[in-house]
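Here's the structure, in structure tokens; my notes come after.
The values are calculated or read from the model by the stated rules, or taken from the named source; none is laboratory data. A quick note: this is a predicted structure, and the numbers were derived from the prediction, not measured. Every residue, glycine among them, receives a Cβ derived from its backbone with ideal geometry; neighbour counts consider all protein chains shown. Heads up: the accessible areas ignore ligands, DNA and RNA and are worked out on the full protein's heavy atoms, side chains in. Shrake-Rupley method; radii C 1.70, N 1.55, O 1.52, S 1.80 Å.
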Amino acid sequence: MGTPVNIIVGSHVWVEDPEIAWIDGQVSKINGKDVEIQASNGKKIVANLSRIYPKDMEAPAGGVDDMTKLSYLHEPGVLQNLKARYELNEIYTYTGNILIAINPFQRLPHIYDAHMMQQYKGAPFGELSPHVFAVADVAYRAMINEGKSNSILVSGESGAGKTETTKMLMRYLAFLGGRAATEGRTVEQQVLESNPVLEAFGNAKTVRNNNSRLNVTDHCLMQLDNLYLNILCMIWYSRFGKFVEIQFDKQGRISGAAIRTYLLERSRVCQISDPERNYHCFYLLCAAPQEEIEKYKLGNPKSFHYLNQSNCYELVGVSDAHDYLATRRAMDIVGVSAKEQEAIFRVIAAILHLGNIEFTKGKEIDSSVPKDDKAKFHLKMTAELLMCDADALEDALCKRVMITPEEVIKRSLDPQSAAVSRDGLAKTIYSRLFDWLVDKINNSIGQDPNSKSLIGVLDIYGFESFKTNSFEQFCINFTNEKLQQHFNQHVFKMEQEEYTKEEIDWSYIEFVDNQDVLDLIEKKPGGIVALLDEACMFPKSTHETFANKLYQTFKNHKRFIKPKLSRTDFTIAHYAGEVLYQSDQFLDKNKDYVVPEHQDLLSVSNCSFVAGLFPPLKEETTKSSKFSSIGSRFKLQLQQLMETLNSTEPHYIRCVKPNNLLKPAIFENVNIMQQLRCGGVLEAIRISCAGYPTRKPFFEFINRFGLLAPDALEGNYDEKVASEKILEKKGLKGFQIGKTKVFLRAGQMAELDARRAEVLSNAAKAIQRRIRTHQARKQFIALRKATIVVQSIWRGRLACKVFENMKREAAAVKIQKHTRRYCARKAYKNLHVSVRVLQTGLRAMAARKQFRFRKQTKAAIKIQARWRCHKAAAYYKKLKKGSILAQCRWRGRIAKRELRKLKMAARETGALKEAKDKLEKHVEELTWRLQLEKRLRTDLEEAKAQEVTKLQNSLQEMQNKVDETNASLVKEREAAKKAIEDAPPVIKETQVLVEDTKKIDSLKSEVEDLKDSLKSEKDRADDYEKKYNESQESNEQGRKKLEETEKKAQQLQESLTRLEEKLTNLESENQVLRQQAVSMAPNKFLSGRSRSILQRGSDSGHFGVDVKPTVDLHSPSLNQRESSDVEDKPQKSLNEKQQENQELLIRCIAQHLGFSGNRPIAACIIYKCLLQWRSFEVERTSVFDRIIQTIGHAIETQDNNDVLAYWLSNASTLLLLLQQTLKASGAAGMTPQRRRSSSATLFGRMTQSFRGTPQGVNLSMINGGMNGGVDTLRQVEAKYPALLFKQQLTAYVEKIYGMIRDNLKKEISPLLGLCIQAPRTSRASLVKGSSRSVANTEAQRALIAHWQGIVNSLGNFLNNLKANHVPPFLVRKVFTQIFSFINVQLFNSLLLRRECCSFSNGEYVKAGLAELEHWCYKATDEYAGSAWDELKHIRQAIGFLVIHQKPKKTLDEISHDLCPVLSIQQLYRISTMYWDDKYGTHSVSTDVISNMRVLMTEDSNNAVSNSFLLDDDSSIPFSVDDISKSMEQIDIADIEPPPLIRENSGFSFLLPRSD
């Protein structure tokens, strides 16, 4: 297996270490065949080149689940892989189809619960994470599909967990093939129930060579909930082999079972070493209740010789007293009667007393007698418990009978021989007792003689090598040699099948066979077993003579070794190593015959149970001298076992104990390597290395070694051709190219890695060269840049100096210039001042002259202005006076003309009437406005009311005055007429005109006064109105608060009322249904389904009828009857016409009637007919059963979602109508107390006042006599058939809902399996090129096609539900459960398949989830509801996979920010399984992993389930109340009847009628 030619300096290798088996390091120097290695622990190690192995630096940090996937299949690679997985609590690992199980020594219940079993059910082997369930599942599937029996071989040393693994296998097989118990317990239950009994009598604590076992307690704790299983948690270790045959019938159901046991360690009854324990049953009996102890005269275990040879009497955390009671209960369960139990424990007590019988020399030579009174007491107790004679028992122990042809001779035994006889009797009794228990359990379980298929589960002891190895270890190792040969043949067969499957050329591969060891042990006549039997047949043979015989016979055998320092020991070179055996007790332990004295004594015991253990021997057997031995019998049993295994398809489970401290998280490399050798795992690796140990899929091979031949990737080659070109280019020979994998010989992988390392090294050197060039050039450029900067600075300094000189020169010139300018300017200023003085004097003289002239001119202008003003004012006054005079004269003329017109108008009689009418209208208007104001003021307070009263009184007085004025006007008019007739016209006219004018003026003035008073009143009214409005606003606010309070109180009262009514109705309905169910024969009018639903409702205690008030309508024909006949005496039977109508209705609804708007026609028609026929109120009718049968026949085709959606819409609508209509009848069969209405009680009277108007269904158009409404509102008093019909309809709504949901699940389930993992893209397809980019685009389309398929299925399903007008409430519930199903399936698959927990796969699933989110957005909240929220687990898990910089995340950030929904177990699972196939990044830090592990350990102590898998909820997520609350009120008045019944006169009530 070594590959020295492939090791170079810098290679990472494994080298042997005496402390930890193998240690990794890096080659630092090679000197010929010696290699100097820098180990990872800092030490330098020199090793031979042939003793080191290459290390795979690209192996996943968490290991691989199948070790055949390892690049280097050698011992250190296997050990490192197991260690990496064990540190992550991944206790199961495959080696091909062999399962390696490492005992975790801690609770891991989350990987053994029902969720996990459901996941592995039917899953292909290797698709999910390694598990014991996967092995059981593949065995079961092979048995079912191929019809061939299978066997599962569980092996390992004590403490590795074999027994518990066997229990888990049986539990899973019971999960797959178990059946519901019809009478008593099922077979699988009985098999599991037998374990406690066998473990109590066949298990013991063994601490040989620190080789004790702590059972995997989480296995048994997760099995069943029975009390007796408490004893499964004890620290017991099997000291016998067990082969459980589970038999199956043709349907794959468990039909029978049998338990075979092998080689019970009989010597343990009499001999134990410290700190081991004897069989557990002895300690249980010593801890029994006090009356039992006194009955059997027992005491502390320290007082018995068979128990006090060791100082270990109790186990930590174990109560023997509690276990005794649990064992008794378990024996009850498996069918051991109380009498038999009493006899069993009496025999156990007898064995304990028998061991305390000590012997001393007797009076005669070589004779023996009981030592003292204590020994005699125990002798007497033994005889009493075995129900035999004490003297006869003493003779049987101390004497032997020799029969000669002449006489019968009694020979006494010396004390030592008597003790041997005593121990032989104890072993014989216990062995036969154990055999009786096994036979009893097998008889209790029962076997199926017609079964042709079985699955055998073998729980056998592992290879043992202790300081002292006796006959038991010899037999155990002989068994393991046999099983190893079978295992090797199976592994080699699997290798051949793999090569044949891949269609590669292979030659016969020889492997190391252990047939020579088997011949050494069992060959006749010269084998060790045969020689041992021969020695046992001679009385004078001793272990020395037996050993010498072995030395002489096998002195040249390569597998047999004679020790140099011992004359009786011998060594056998087993497949797992050399074992030194001590032959001291081989002869005694091999003898299987029963001492005749013991047989004769116990066969005539007064206890039938003891006598049954020692049945009389057959006469020919008694006379025969044929010898029987343990070795021969065991050899025969082993031969039968191998024949059974050879006739089955084997499956192997190798259990490994990680440490001898029995503590979790400790991985002892040396111990595990020894177990792997003993378990044959390394032997299987050697077989694989003889052929093609390295097998790489084309994808992985190209990804890893594609850089060795880049030209092979640039061409359009497929993966197989590209792989072959890579190997041919490197000149490798002997490899094979299969259909899907590359097969490499041993060492070729290391050679390819060396070539790859060389290419990578050259590439690294090229990169380094480029980088160094870049760095040097960068340094040169920086230096040049710095030089230029320095030069620039110095040139700047020089320029500054030149500039300074130039600056000084310019400054001197400037100073000279300014000095000269100053002198010139000073002379100029003196001259300028002189000139200005002269100019000032001249200008002052001119200014004074000009001022005098202007002053004279201004005075002249003022004089002229005053004169001109005087002239204009005189002219204006003259003109104004003339204008006023002209205007007065003109206005006088106009007034005279008007006066003449008024005189003319006064002469007309109608002028006064018109004026009067106008005044009357005006007064009426004022009166109306005052009355309006009066109405407004009446709403004010008392002060405002008084003011309004005063105003009304004044208005009344004014009205009286107006009336008086009108009357006086009439009189004056008449007097005026007379005066006009009598007096001259001019004079009379003048008097009348003046008088009427005064009246008119007085009326006008009064009107004005009224207007003023009205205005003042209006102002006051406005003020009062403002105050009123303010008070009204405050009152309005208070009123609103009061209304809200009253509304809340009313709502509470209404809910209280509804609850009271519902309680009353339920009680009355339940009473009616129970009494009528008792008094009524169910076969008269109920179908079988109706009776089952009735029974289900009565079992639950009540029917879930939610009664609401509704409307009771009558047709015109019913309205014509007397009300007493209609209401008090409902119809009792249907006439023939009604029968025909029912038949026609059934035929009608059997058709697809469609919908009217969004209302299902069939449901509305059914409801109308039932209400019209008063079917709800009759005692007996068949119409309900016929409707239910029609619905049942319609939904028989479960795959037609369109039909199911149609009937779901109809059934839910009809159920809603019934929910709002039916009320349980409380009259029939009720006690007077029940008949009393709720309003008769105090509570009823209180709630009655708060009840509002009942809400019913709007059926206003059913009867023609109703004018757009309903006449009365009352509930229909439903009878028993109506209530039963409602229950059946509810069941059908739930059933149809479940069928629709399950159909969609079945449709999308295959797509979900494709959506969880993105198909891999070959590296050959990732090279640059137009053709590759096109292919990638097509691949991306193909990837998203699976998710599109799910989206299309969801869309089509939603359209179907919409088309059939399924209530949105039910649609939301369906999609919520469907998305929950998607979440469960994707999330569980993610946690069970490591290849899915990658970065690229996370991106793929994230893109698919985006498609689902887009679908939810398009479907709207009305139909999708909260479906998107159901994907929270998979969304957060995928979010964790695709997030960057995971090592920087803390546990708090992960558990609270990133993934708050996920549990610690789920986070731990994802974190440990994650691998980045895109960027090569790592998962979370080791500290986070450690913290998670601590939290998981703390959580494991809680009773809550720690499963990391999710469970799919398939329950019905709604009730009848939910449907009635979510659906809107349905108006069925205008539903058009279908053509089939439209013309029928019996259905005329269905026709819509106008008012």
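Looking at region 50-66 only, could you name the residues that are touching a Leu at 6+ places or on another chain (Cβ under 8 Å) and within 18 Å of THR1472 (Cβ to Cβ)? Outline the logic, then answer.
Keep residues of region 50-66 that are touching a Leu at 6+ places or on another chain (Cβ under 8 Å), which gives 56, 59, 62-64.
Residues satisfying the conditions are ALA59, GLY62, GLY63, VAL64.
Search region 319-330 for residues that are closer than 9 Å to ALA200 by Cβ and aliphatic (A, V, I, L, M) and pair each with any residue that is open to solvent by 10 Å² or more (accessible area, probe 1.4 Å) and part of a loop (DSSP other than H, G, I, E, B) when their beta-carbon atoms are under 9 Å apart and the residues are at least 6 apart or on different chains.
If the second residue must be open to solvent by 10 Å² or more (accessible area, probe 1.4 Å) and part of a loop (DSSP other than H, G, I, E, B), the pairs left are ALA330/ASN226.
Sort out which residues of region 82-94 are in contact with a helix residue (DSSP H, G or I) (Cβ under 6 Å, 6 or more places away or on another chain) and not hydroxyl-bearing (Ser, Thr, Tyr), and write them in order of number.
Here is the first cut: in region 82-94, the residues in contact with a helix residue (DSSP H, G or I) (Cβ under 6 Å, 6 or more places away or on another chain) are 88, 93.
Scanning region 82-94 gives a single hit, LEU88.
If SER50 passes every condition in (1) in a helix (DSSP H, G or I); (2) farther than 30 Å from GLY1480 by Cβ; (3) in contact (Cβ under 8 Å) with a residue 60 or more places away in the chain but one, which one does it miss?
(3)
When you scan region 519-573, how many residues do you find that are acidic (Asp, Glu), touching a residue at least 24 places away in the same chain (Cβ under 8 Å) and surrounded by 13 or more Cβ atoms within 10 Å (Cβ to Cβ)? Please lay out each step first, then the result.
Of all residues in region 519-573, those acidic (Asp, Glu) come to 519, 522, 533-534, 544, 569.
Narrowing the set further to residues that are touching a residue at least 24 places away in the same chain (Cβ under 8 Å) leaves 522, 533, 544.
Now restrict to residues that are surrounded by 13 or more Cβ atoms within 10 Å (Cβ to Cβ): 522, 533.
Here the count works out to 2.
Can you list residue pairs whose Cβ atoms sit under 7 Å apart, with the first residue in region 140-166 being at positive phi and in contact (Cβ under 8 Å) with a residue 24 or more places away in the chain and the second being crowded, with 23+ Cβ neighbours inside 10 Å and among the aliphatic types (A, V, I, L, M)? Count only pairs 6 or more apart in sequence or on different chains.
Correct list of pairs: GLY156/VAL656; GLY161/ALA101; GLY161/VAL216.
Quick check on my filter: what residues within region 135-171 are at pLDDT 90 or above, open to solvent by less than 10 Å² (accessible area, probe 1.4 Å) and in a helix (DSSP H, G or I)?
Correct list: VAL135, ALA136, ASP137, ALA139, MET143.
Just checking, which of SER723, SER761 is under 22 Å from SER71 (Cα atoms), out of contact with any helix residue (DSSP H, G or I) (no Cβ under 7 Å at 6 or more places or on another chain), among the polar types (S, T, N, Q) and assigned to a helix (DSSP H, G or I)? Write out each step before concluding.
Details: SER723 fails: out of contact with any helix residue (DSSP H, G or I) (no Cβ under 7 Å at 6 or more places or on another chain).
SER761 is the lone residue from the list that is under 22 Å from SER71 (Cα atoms), out of contact with any helix residue (DSSP H, G or I) (no Cβ under 7 Å at 6 or more places or on another chain), among the polar types (S, T, N, Q) and assigned to a helix (DSSP H, G or I).
Suppose the filter is open to solvent by 10 Å² or more (accessible area, probe 1.4 Å) and outside any helix (DSSP H, G or I); does ASP366 pass it?
In short, yes.
Keeping to region 262-305, report how many residues are among the polar types (S, T, N, Q), at pLDDT 85 or above and either surrounded by fewer than 21 Cβ atoms within 10 Å (Cβ to Cβ) or not in a loop (DSSP other than H, G, I, E, B) (or both).
Looking only at region 262-305, we keep the residues that are among the polar types (S, T, N, Q), and these are 267, 271, 273, 278, 290, 300, 303.
Among the residues that remain, those that are also at pLDDT 85 or above are: 278, 290, 300, 303.
Then drop every residue that is not either surrounded by fewer than 21 Cβ atoms within 10 Å (Cβ to Cβ) or not in a loop (DSSP other than H, G, I, E, B) (or both), which leaves 290, 300, 303.
Selection size over region 262-305: 3.
Suppose the filter is without any contact (Cβ under 8 Å) to a residue 24 or more places away in the chain and loosely packed, with under 15 Cβ neighbours inside 10 Å; does ASP372 pass it? Spell out how you get there, then give the answer.
Numbers: without any contact (Cβ under 8 Å) to a residue 24 or more places away in the chain: yes; loosely packed, with under 15 Cβ neighbours inside 10 Å: yes.
Spelling it out, ASP372 is indeed without any contact (Cβ under 8 Å) to a residue 24 or more places away in the chain and loosely packed, with under 15 Cβ neighbours inside 10 Å.
Which is under 30 Å from GLU497 (Cβ atoms) and open to solvent by less than 20 Å² (accessible area, probe 1.4 Å), of PRO697, PRO650, PRO658? Working first, answer last.
Details: PRO697 fails: open to solvent by less than 20 Å² (accessible area, probe 1.4 Å); PRO658 fails: under 30 Å from GLU497 (Cβ atoms).
Answer to the check: PRO650.
Taking into account only those residues within region 46-66 that are of a type in the set (A, V, I, L, M, F, W, C) and within 15 Å of GLU1395 (Cα to Cα), which is most open to solvent (accessible area, probe 1.4 Å)?
Pass one, region 46-66, residues of a type in the set (A, V, I, L, M, F, W, C): 46-47, 49, 52, 57, 59, 61, 64.
The next check asks that each one be within 15 Å of GLU1395 (Cα to Cα); those that pass are 59, 61, 64.
Working: ALA59: 46, ALA61: 94, VAL64: 23 Å².
This residue is ALA61.
Are any residues in region 661-693 in contact (Cβ under 8 Å) with a residue 24 or more places away in the chain, over 25 Å from GLN496 (Cβ atoms), under 40 Å from the mean Cα position of the chain (by Cα) and assigned to a helix (DSSP H, G or I), and if so, which ones?
ASN669, ILE672, MET673, GLN675
One residue is enough: does region 1225-1245 have a residue meeting the conditions of a type in the set (A, V, I, L, M, F, W, C), at pLDDT 70 or above and not in a loop (DSSP other than H, G, I, E, B)?
First, pick out the residues of region 1225-1245 that are of a type in the set (A, V, I, L, M, F, W, C): 1227-1228, 1230, 1240, 1242-1243.
Pick out the ones that are also at pLDDT 70 or above and you get none.
Checked against the condition, which is being of a type in the set (A, V, I, L, M, F, W, C), at pLDDT 70 or above and not in a loop (DSSP other than H, G, I, E, B), region 1225-1245 yields no hits at all.
Could you grab me the full set of residues in region 85-108 that are assigned to a helix (DSSP H, G or I) and crowded, with 19+ Cβ neighbours inside 10 Å? Reasoning before the result, please.
Here is the first cut: in region 85-108, the ones assigned to a helix (DSSP H, G or I) are 85-87.
Scanning region 85-108 gives ARG85, TYR86.
In region 1290-1309, how many residues are polar (S, T, N, Q) and either buried (at least 21 other Cβ atoms within 10 Å of the Cβ) or closer than 21 Å to LEU1222 by Cβ (or both)?
Start the filter on region 1290-1309 by keeping residues that are polar (S, T, N, Q), which leaves 1290, 1303, 1309.
After this cut, where a residue has to be either buried (at least 21 other Cβ atoms within 10 Å of the Cβ) or closer than 21 Å to LEU1222 by Cβ (or both) as well, the list is 1290.
Adding up the residues that qualify gives 1.
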